[in-house]
RNA sequence: GCCUCAAUAGCUCAGUCGGUUAGAGCACUUGACUGUUAAUCAAGGGGUCGUAGGUCCGAGUCCUACUUGGGGCG
C-alpha cells in the first residue's frame, strides 16, 4: 500500500502538526527522525539496536546500492527488507543527492546524469527512469524522485533551469513507477529564490505524489537562509500528505523545521558525529576526545534512557574513541540516534500539550548556553 | 680492553656539498561534520639536534674527548 498521512493535531501557535504515517510495516507518529543507512545498514548498528532507539523509517540509497551489490542481487534476495533484515519501513533516496555530493565526478544532461563511479572511475549514466526502476526493484516502501540538488550558491538563471529540469525528471520518474506497494515522493527545489521555491512546490504537487520533500537545503547556506527556504515553499504543500525535509538533522534545525510544518527528517549527523567521537546532549554536543572526559565516570547524559547511557561512562567511551575501537562509535551512534528520536517524541508530546513554543525555547536555551 | 655504528619532537625516523625560521608519520591538544565518496578531514602545541670543546663568516652536518646504547673482536 501507499503511505497515508493522518493529521492528528495542529499546533495552535506554529505550523507544527502531529500526525501518523501509515506504512506497509505499521503506523508511526510524526514528526519523526529517520536514521540513515546508505549502504543497506545504519553504520555499526543491528536492527535490534535501532528498534531499541525507537527508530521507525530508515533510509537507504539508490546510487550506492546500484553500484554495490546491484539492484538485481537485492531483488533476488527478496527485496531490501529481507536483504538487510529490517522489517520496518525503508525509504530510498534516489541518487539525487549524489548529483551534489559527487560534484567533481558528474555531468548533468537533460536525459540524466553521467557519474564517474567514486569506486573506480567507471562512467555511469543514471536517469530519472533508471533511478525509479532501481528503487522499484529494491522494493523500498518510499521511493524518492530523481532530482538535482544544486550546490550553493548558484545563479538564479542556473536555478531556474535546474528547477524546470527537476520537474521534468519528476514526471518522467512518476510515469515509469510501477511498484504498487511502493510510495513515491516528489522533491521541491529552488534554492534561496522564493518564487522558484513556490513554483517548484506548486508544479511538483500538480504531479500528485504520495508525499513531498524539501530538498536542496543544508548545502552550505546559513541557517537563516535555510529556514527561509522552508518558509518559501511549505505552505504550497498539501495538508493531507507527509512533508519531509531532506538531509536535516541538527537538533535545532529539527525544531525549526517542525515549527514550520515539517513531518519527517533524516540525517547522517547522529551516526557520523558518533564515529567521529561526538555525542548530542541537551547542553549541546560534546566531543568525547576532549581531555576533560578522561576520568568522567558519568553517563553521556544523566537521565537518558538509551542503552549506552544506562551501561557506560564518558570515561570508558572516551577510552574506546581514543583507541579507535569500533565499539566507541557504536555506543555513540546508539545514543545520538536515540537523542534525536527522543527529541521528536518530546516535540510530539509538546504539540499534544500545546506548549511546543515553550518547549522549543527552553530546549534552545539549554542547547546553546 | 680494542674496533665499529648510532644518538635530532613523547615514539619511530628524514635532514642533500657545511648555508634562510631543523621536518614527517604516529601520539598529544583542539576544531569541523546536515538526502554518507566521510570510523573522515583540518588546525595547534611540542626541539639546548647526547654532553663539552674545536675548526669555520656560518655546524644537526666536519674534528677531538667524554657519556649512553647496539654490533663485532679479544
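The values are calculated or read from the model by the stated rules, or taken from the named source; none is laboratory data. These figures come from a predicted structure and were not determined experimentally. Every residue, glycine among them, receives a Cβ derived from its backbone with ideal geometry; neighbour counts consider all protein chains shown.
Structure summary
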{"quantity": "Residues located in the stretch A:273-288, provided they are near RNA strand B (Cβ under 6 Å from one of its atoms) and surrounded by fewer than 16 Cβ atoms within 10 Å (Cβ to Cβ)", "calculated": "A:276, A:287"}
{"quantity": "Selection within the stretch A:146-164 - without any contact (Cβ under 8 Å) to a residue 12 or more places away in the chain and under 16 Å from residue A:128 (Cα atoms)", "calculated": "A:164"}
{"quantity": "Counted residues, the stretch A:23-46 - those being more than 9 Å from RNA strand B (Cβ to nearest atom), closer than 19 Å to residue A:182 by Cα, part of a loop (DSSP other than H, G, I, E, B) and within 17 Å of the chain's Cα centre (by Cα)", "calculated": "1"}
{"quantity": "Extreme residue, farthest from the chain's Cα centre (by Cα), among residues of the stretch A:208-223 that are within 15 Å of RNA strand B (Cβ to nearest atom) and free of Cβ contacts under 8 Å to residues at least 40 places away in the same chain", "calculated": "A:222"}
{"quantity": "Where residue A:228 falls short, out of the listed (1) within 26 Å of residue A:284 (Cα to Cα); (2) within 10 Å of RNA strand B (Cβ to nearest atom)", "calculated": "(2)"}
{"quantity": "Number of the condition not met by residue A:59 [criteria: (1) touching a residue at least 24 places away in the same chain (Cβ under 8 Å); (2) in contact with a helix residue (DSSP H, G or I) (Cβ under 7 Å, 6 or more places away or on another chain)]", "calculated": "(2)"}
{"quantity": "Filtered residue count, the stretch A:298-346, keeping only those that are in contact (Cβ under 8 Å) with a residue 60 or more places away in the chain and within 16 Å of RNA strand B (Cβ to nearest atom)", "calculated": "14"}
{"quantity": "Residue check for residue A:253: crowded, with 20+ Cβ neighbours inside 10 Å, under 17 Å from residue A:143 (Cα atoms) and either at pLDDT below 95 or within 8 Å of RNA strand B (Cβ to nearest atom) (or both)", "calculated": "no"}
{"quantity": "Filter result for residue A:248 (within 26 Å of residue A:356 (Cβ to Cβ), away from RNA strand B (no atom under 11 Å from the Cβ) and modelled with pLDDT of 95 or more)", "calculated": "no"}
{"quantity": "Qualifying positions in the stretch A:256-272 - part of a loop (DSSP other than H, G, I, E, B) and within 9 Å of RNA strand B (Cβ to nearest atom)", "calculated": "A:268"}
{"quantity": "Residue match in the stretch A:350-362 (condition: at pLDDT 95 or above, part of a loop (DSSP other than H, G, I, E, B) and within 23 Å of residue A:252 (Cα to Cα))", "calculated": "yes"}
{"quantity": "Test: residue in the stretch A:288-298 that is closer than 24 Å to residue A:226 by Cβ and in contact with a strand residue (DSSP E or B) (Cβ under 7 Å, 6 or more places away or on another chain)", "calculated": "no"}
{"quantity": "Positions within the stretch A:23-46 being closer than 28 Å to residue A:240 by Cβ and surrounded by fewer than 16 Cβ atoms within 10 Å (Cβ to Cβ), in sequence order", "calculated": "A:25, A:26, A:27"}
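Residues are listed down the side, and each one gets a yes or a no for (1) modelled with pLDDT of 95 or more; (2) assigned to a helix (DSSP H, G or I); (3) away from RNA strand B (no atom under 15 Å from the Cβ); (4) surrounded by 24 or more Cβ atoms within 10 Å (Cβ to Cβ):
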position: A:146; (1), (2), (3), (4): yes, no, no, yes
position: A:154; (1), (2), (3), (4): yes, no, no, no
position: A:162; (1), (2), (3), (4): yes, yes, no, no
position: A:165; (1), (2), (3), (4): yes, yes, no, no
position: A:174; (1), (2), (3), (4): yes, yes, no, no
position: A:181; (1), (2), (3), (4): yes, no, yes, no
position: A:187; (1), (2), (3), (4): yes, no, no, yes
position: A:192; (1), (2), (3), (4): yes, no, no, no
position: A:195; (1), (2), (3), (4): yes, yes, yes, no
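Yes/no per residue for (1) crowded, with 16+ Cβ neighbours inside 10 Å; (2) touching a residue at least 12 places away in the same chain (Cβ under 8 Å); (3) in a helix (DSSP H, G or I); (4) within 16 Å of RNA strand B (Cβ to nearest atom):
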{"site": "A:48", "(1), (2), (3), (4)": "no, no, yes, no"}
{"site": "A:55", "(1), (2), (3), (4)": "yes, yes, no, yes"}
{"site": "A:100", "(1), (2), (3), (4)": "yes, yes, yes, yes"}
{"site": "A:107", "(1), (2), (3), (4)": "no, no, no, yes"}
